[in-house]
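For reference, the structure is listed below as structure tokens.
The values are calculated or read from the model by the stated rules, or taken from the named source; none is laboratory data. Note that the structure is a prediction, hence the values are computed from the model and not measured. Counting neighbours? That spans all protein chains shown, and the Cβs are built from the backbone with ideal geometry, glycine included.
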Amino acid sequence: MYDKLKADIVTAMKEKNTMKVQTLRGVKGSVDLEHINKKVEIDDNLVLDILTREIKTRKESIVEFEKGNRSDLIEKTDAEIKLLEGYLPEQLDSAELEKVIDEVFKKVNPTSPKDMGLIMKELTPLVKGKADMKEVSTIIKDKLASL
């Protein structure tokens, strides 16, 4: 993933696509910074974590831009989100997500909402990068509340 990111930066520079160059350089910079600061290897998991974080940050920015009535910034940020989402693995639809969550519930067999951590520990490696973790958390909380 990291090599693809670097290659796409070069391609975007040749195409003179400044938005793509700036966005991808920002992600690459975040990956490099994480690599240096935490002394971890650059692998697909690290890149995936950074991409997810960058998308989340941009979605939060859109909410703020809407409050400020800044449609120009909303469009730019939305385009960046679409670009970054292209690097994520194929997303699970809600039926597939429900199925994975149900399987984890059968395996963990939670008895109360206090078991949320156990469920997330089992579930996170299965859906990381493939689903919005905020949505996953909401579904789990609803299921735990109905126990």
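The figures follow:
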| read-out | value |
| --- | --- |
| Answer from Lys130, Lys134, Lys39 - the residue that is under 18 Å from the mean Cα position of the chain (by Cα) and either among the aliphatic types (A, V, I, L, M) or surrounded by fewer than 11 Cβ atoms within 10 Å (Cβ to Cβ) (or both) | Lys134 |
| Residue that is nearest to Pro89 (Cα to Cα), among those in the stretch 25-78 that are of a type in the set (A, V, I, L, M) and outside any helix (DSSP H, G or I) | Ile42 |
| Subset tally (residues that are closer than 17 Å to Thr77 by Cα and in contact (Cβ under 8 Å) with a residue 24 or more places away in the chain) for the stretch 1-23 | 3 |
| Candidates Glu90, Glu98 - the one that is among the charged types (D, E, K, R), within 21 Å of Thr138 (Cα to Cα) and not in a helix (DSSP H, G or I) | Glu90 |
| Residue count, the stretch 135-147 (criterion: part of a helix (DSSP H, G or I) and either touching a residue at least 60 places away in the same chain (Cβ under 8 Å) or among the polar types (S, T, N, Q) (or both)) | 2 |
| Meets criteria (in a helix (DSSP H, G or I) and closer than 26 Å to Glu34 by Cα) for Lys106 | no |
| Residue that is surrounded by the most Cβ atoms within 10 Å (Cβ to Cβ) [pool: residues in the stretch 72-113 that are modelled with pLDDT of 90 or more and of a type in the set (Gly, Ala, Ser)] | Ala79 |
| The one condition in (1) closer than 27 Å to Lys6 by Cβ; (2) of a type outside the set (A, V, I, L, M, F, W, C); (3) not assigned by TED's automatic domain parsing to the domain that holds Ala12 that Lys106 fails to fulfil | (1) |
| Residue satisfying condition, being surrounded by fewer than 12 Cβ atoms within 10 Å (Cβ to Cβ), at pLDDT 90 or above, assigned to a helix (DSSP H, G or I) and not assigned by TED's automatic domain parsing to the domain that holds Ile139, within set Ala12, Ala7 | Ala7 |
| In the stretch 60-87, the residues that are among the β-branched types (Val, Ile, Thr), in contact (Cβ under 8 Å) with a residue 12 or more places away in the chain and under 27 Å from Ile139 (Cα atoms) | Ile62, Ile81 |
